[in-house]
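The values are calculated or read from the model by the stated rules, or taken from the named source; none is laboratory data. Not measured: the values here are computed from a predicted model. Counting neighbours? That spans all protein chains shown, and the Cβs are built from the backbone with ideal geometry, glycine included. Only protein heavy atoms, including side chains, enter the accessible area calculation; ligands, DNA and RNA are left aside. Shrake-Rupley method; radii C 1.70, N 1.55, O 1.52, S 1.80 Å.
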Amino acid sequence: MKKTLWPMVSTAILLVAVSACASARDVVTSAKPRPANAAAQPLTSATPPPTSSRPTSRPTRPASTLTAPTSTSSQPAPSGTTEPPTTRSTTTAPQLAGRPKVGNCYDTGTGAFRHKRDGSFPVSCARSHTAETFAVYDVGAVPTAAQIDKVRRNCQSGFRSYVGDSATVSKLGMTVMLPGAEQAAVGVRWIRCDAIELANYNGEGGVSRTGSVKGALAAGVPDIFRGCVDHLPKVTQPVHFTSCSQRHQGELIPESLNLGGPQAPFPGSKAVANRSRSFCRGVFQDYVPQTSDYYYYYPTRPSWRSGSHDTTCWALDTRGGGLPPI
């Protein structure tokens, strides 16, 4: 009979997408205050919502240049002297990055990841970067929590189309980004969906890497993206990834259970828990036959609204000695 960690399983309720990004509520509170007379605008995608085909975006718009009014000042010349040439001073605001497009890579910083706002210019994906855009959506005014949640739900399936599998089976995850403060101040309105390589399973920021992740999981999860940890995963602490080439205590199973599409209703807590337990119990030893211990995360009703519709399974070593290297 397989041994299961029932005490741990019973505490496994977690936002499955916590590795992807903060909640929509956190993103909204980081936005500029919404004008009192601003009407909520319906969410309109720059392209049809990502489905089984790869997301695309509109052509990149030219970068915006803000120019302050020109000021000219002159003083009457003293009698008997020649008046000097009039001096004209022009102040030009710095150029802002244009609208993102699918395939852009960005060297998004820690603060930008935390606030979910990035106004930086794209960089070559061959250079060091922390994020790669796979979908872009237009929104009206200051986006609401519901609008951001809708984008995130579509981005979950968009990630699968672009990268090749779910954002819950490897060290590759996803996040959403809104325009930077300067862009937002001049009315720029979009939400971009970025693929990132995570330093920890339930973190918010991406680690520096080179190369595109487009199609990276299409043929399965490569060893470089397998998720291993040297401590037991818990919902109350970061789950930091470590190298899978050495013995480790926990291993993320490269297969997950999708419990419903982007617009599917929440199946109910009991149904989600039962289906998740059955799925993980049936697959984890296919990948790690050396153990009979497992753990899993599954979506709650609040996380479901934000697009977290997958159950994630972990194989564990609870006896000491660790799981074998991959």
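Determine Rg/Rh for segment 170-326; Rg is computed over alpha-carbon atoms and Rh is the Kirkwood hydrodynamic estimate from the same atoms. That ratio is 1.01, to two decimals. Across all directions, the average flat footprint of the convex hull enclosing the Cα atoms of segment 94-233 is 8.7 nm².
Residue by residue, segment 131-145 carries 3J(HN,Hα) couplings of 8, 9, 7, 10, 6, 9, 10, 8, 9, x, 6, 7, x, 7, 4 Hz when phi is fed to the Karplus relation 6.51 cos²θ - 1.76 cosθ + 1.60 (θ = phi - 60°); x denotes Gly or Pro. Remark: spin-label model distance residue 285-residue 243 equals 3.1 nm, labels positioned 7 Å along the Cα→Cβ axis. Sorting 304-316, 252-264 by average packing, meaning the other beta carbons within 10 Å per residue, from highest down gives 304-316, 252-264. Overall, the accessible surface of segment 177-265 at a probe of 1.4 angstrom is composed of carbon and sulfur to the extent of 51 percent.
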